[in-house]
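To start, the structure under review is shown below, and the notes come after it.
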Amino acid sequence: MATIQQMIDKLQTLEVMPIASKIAENNRHLMIMELREQLEERHESGNDEPIGYYTSEPYVKWKKKQSGISKFFDGNQVDLFLTGDFQRSINADVSDDRYELTASDFKTPILVENYGTGILKFSETSKENLRNALNPKLVEELRKEILK
């Protein structure tokens, strides 16, 4: 067992970013699921605003009748969900000190043009949800490193 002074010394020299990056990389699926929930259930962009609103009443009626549409469709807020291809194509690329959310669906450039780059960014609610999910994992990993 390490002494208190040894733990303090180790804490002062501990490189946190590689540990945090490893946790983010190992939990990419949480990041992807959070963005999907943000878009489909909360209809939010990364700008903490609604993605947009449908202006075509015939389209809204048609979308409501579709069998595979989101159970969260409320009638006029854009949720970027019809077939689910866009949501399934979302990926989180994690590097040492940053992450990037991307989507490989062929419609992605059109969706970004119509609704902005915020559709591939986390809202404050999503950031808070991720902090709540990932911080305990980070604390546990840091504890393990300090007690080595």
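Values quoted throughout were computed directly from the atomic coordinates according to the rules given, and no laboratory measurement underlies them. Keep in mind that what you see is a predicted model, and the values were worked out from it rather than measured. Here the Cβ positions follow ideal geometry from the backbone for every residue, glycine too, while neighbour counts run over all protein chains shown.
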Cross-link partners among aspartates and glutamates for Lys148, C-alpha distance below 13 Å, same-chain residues fewer than 8 apart left out? Asp9, Glu140
Can you give the local net charge around Phe106? Use residues other than it whose beta-carbon is closer than 15 angstrom to its beta-carbon, Lys and Arg +1, Asp and Glu -1. -1
Please identify the longest segment of the chain free of exposed GluC sites (Glu not before Pro), where exposed means a DSSP state other than H, G, I, E or B and no more than 16 other Cβ atoms within 10 Å. 42-148
Mean ellipticity per residue at 222 nm, deg cm²/dmol - from DSSP H runs of n ≥ 4 across the chain, formula -39500 (n - 2.57): -16000 deg cm²/dmol
